[in-house]
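Here's the structure we're looking at; comments come further down.
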Amino acid sequence: MRPAISIDFGAAYTKIAVRENPDSTSRLLSHERLNLDEARICIPTIAAWRERDDRWVFGPDAFDLKSGNGIHVFRNWKPILFAPPGEILDPESSIGRLFYYNLDGGNDNWPPIKKLAVKYFEWLLEVMLPSLLDYRDLDDPVIRISVPDFDGETLYAYQMEEILIEAGWNSPWIFCEPEPMTNLTGALSQGRNTMIDDDGTIYPDIHAIFSGSGLLDYVNLSSDEEPEGDFNMLLVDIGAYTTDFSLVSVGASSAGGLPPLEAHSEPYGVEMLDALVKHGLSPERADVVKRLSATERELFRRTVYSDGRAWTIDGVTIGGASDRVIVDKCVDGMTTRLANEVERFVSTVGVDRIDEVVFTGGGSNIPPVTQKLAEKLAPKGVKKFHSSSLPLDGEFPCIRLGHDIVRASSALGGASVLFGDE
C-alpha cells in the first residue's frame with residue numbers, strides 16, 4: 001500500500017497529514033511559522049494579490065494583510081469555488097469586478113476563482129509542503145483531498161483533481177473523498193493505522209483503528225450478537241464561517257460500509273459569534289474587536305471564548321467583569337441557534353435515536369458551545385460524545401479528542417489506510 005498525503009482544504013485553514021507506511025500513525029504536518037493554533041498545523045487559506053507588480057503571497061504571509069491601495073486579500077474563497085460565481089458575486093461589486101475582470105486570463109474554461117485556486121495549490125506544493133515534509137522520500141504517494149459532499153455530486157471532485165493537476169501535483173494517484181467521511185474516520189481513528197496479516201493477506205484492523213466507539217458493533221460485525229437496529233452517528237463540525245452536520249447510519253449487516261446518510265450546512269460559525277459580541281460591547285471595545293488583525297483575533301477567541309478570561313490589547317480590556325454577561329449571552333445565543341438547526345436537521349432526516357456524537361471544528365473548542373449542544377442531543381439516547389471540551393468526569397460520557405484532531409480530523413482521516421490506494 002502506497003504512502004498517503006492528505007489535504008484538508010478548509011475555508012479558513014488548510015491542514016496536511018501524511019502516512020509514510022501502512023501501519024504508521026497518520027501525523028499532521030506542522031511548522032514554527034504556523035503559530036495560529038497550539039499544534040502549529042493551521043495553514044491560512046488566504047491569498048493576496050498586488051496589482052502594481054502582479055505579486056501574489058499566500059498563507060502566513062497574507063494572513064494579516066488588509067485590502068486597499070491596490071492590494072486585494074482573498075479570504076473565504078472556498079465556497080465560491082464550489083458554486084457558480086454568478087450565483088454568489090455581483091459582477092459590479094468590488095470583489096466581483098476583481099474576479100470577473102482583473103483576474104480574467106481570457107480562458108473561459110478557467111474562470112478567475114479556479115485560477116486563484118491553482119495559484120494557492122501551486123504555492124502549497126512548491127513552498128509550503130517542502131518546509132513541512134521531505135515528500136521526495138515517499139515512494140509514489142497517494143494524494144487525497146477532502147471535498148464537500150453535496151448530495152453525492154461528483155462535479156466538485158473532478159474540479160479539485162483538475163486544479164491539483166494544473167497546479168503541478170503530477171501524481172497519477174490523486175483522489176477526492178467526501179469531507180463527512182474523512183472527518184468521521186479521522187476523529188474516530190485519531191490517526192491510527194493498524195494492519196492484520198492473515199495467511200499472507202494484509203488488511204486494516206478495524207477493531208484497533210476504531211477502538212472506543214460503539215461503531216465496532218456494526219463494522220465487521222465485531223460482537224457475537226447482531227445489534228438491533230441501525231447505528232446512527234452525528235458529526236457536528238463548527239467552523240469559522242459555517243457549521244456542517246453529517247449523519248452516518250450503519251446497518252447491522254453493513255459489514256464495513258460507512259455511507260453518509262445526509263449532510264447539511266448552515267452559515268453559522270465563530271465569525272457569527274464575533275459579530276454578536278461586537279454588537280453587544282461598548283463602542284470603544286467593539287471598535288477594538290473590529291480592528292483586530294487575524295492573528296490577534298485568534299488569540300482573542302481563544303482567551304475570551306474558550307478560556308473565559310479577560311483579554312487586554314492596546315490598553316483596552318475585553319471580556320472582563322463588565323463584559324462577561326454580554327459575551328456569555330452571545331455565546332448562548334449562537335449555540336441556541338446551532339442547537340435548533342441540529343435538531344431540525346435530525347428531524348428532517350427522520351432519525352429518532354442517535355448513538356454517538358462527534359464534535360469537530362475550531363468552534364467545538366469553546367466549552368459552553370459543546371456543553372449546550374450535548375444537553376440538547378442527550379435526550380435522543382446518545383451513549384457517547386467525542387469532544388475536546390466536554391469534561392471527562394461530567395454528566396455526559398465522553399471520549400477526549402485532542403485539539404489538533406478537532407482542527408484537522410479530515411486531514412488525518414484522508415490519510416487512513418481505510419481508504420486504500422483508490
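The values are calculated or read from the model by the stated rules, or taken from the named source; none is laboratory data. What you see is a predicted model, and the numbers here were worked out from it, not measured in a lab. Because the Cβ atoms are built from the backbone with ideal geometry, glycine has one as well, and the counts that use them run over all protein chains shown. When the accessible area is computed, the model is the full protein with side chains, heavy atoms only, and any ligands, DNA or RNA have been set aside. Shrake-Rupley method; radii C 1.70, N 1.55, O 1.52, S 1.80 Å.
General observations
- Using the Cβ-Cβ distance between K278 and E126 with R0 set to 41 Å, the FRET efficiency works out to roughly 0.60.
- Under 26 Å of direct C-alpha separation, and excluding same-chain neighbours fewer than eight residues apart, K372 reaches these lysines: K278, K329, K380, K383, K384.
- Extension gain from L299 to R40, taking 0.36 nm per residue of separation minus the Cα-Cα distance: 91.9 nm
- Gain in span if fully extended, L392 to M1, counting 0.36 nm per residue against the direct Cα distance: 137.1 nm
- The residue list A240, G350, T360 was ranked by how far each Cα lies along the charge dipole of the chain toward its positive end, using unit charges on Cβ atoms, and A240 comes out on top.
- Simple label model, 7 Å out from Cα along Cβ direction - Q159 to D332, nm: 4.1
- Share of carbon and sulfur in the accessible area of the chain stands at 47%, probe radius 1.4 Å.
- Accessible area per residue for the chain, computed on protein heavy atoms with a 1.4 Å probe, is 44 Å².
- Cβ charges +1 (Lys, Arg) and -1 (Asp, Glu), total dipole of the chain, debye: 1800
- Whole-number D in µm² s⁻¹ for the range 309-357, Kirkwood Cα-pair radius fed into Stokes-Einstein, 20 °C, 1.002 mPa s: 159
- Cut-off 17 Å (backbone N to label point 7 Å along Cα→Cβ of S171), residues of the range 25-42: 25-30
- Partners for K119 among lysines (Cα-Cα distance below 24 Å; same-chain residues under 8 apart left out): K15, K66, K78
- Three principal axis lengths of the chain [C-alpha, angstrom, descending]: 67, 53, 39
- Assuming charge only on the beta carbon of Lys and Arg (+1) and of Asp and Glu (-1), the dipole of the range 327-422 about its Cα centre is about 240 debye to the nearest 20.
- Calculated translational diffusion coefficient of the range 337-406 (20 °C, 1.002 mPa s; Stokes-Einstein with Kirkwood radius over alpha-carbon pairs) equals 175 µm²/s.
- Restriction of the trypsin sites (Lys or Arg not before Pro) in the range 297-369 to DSSP coil positions whose beta-carbon has at most 12 other beta-carbons within 10 angstrom yields R309.
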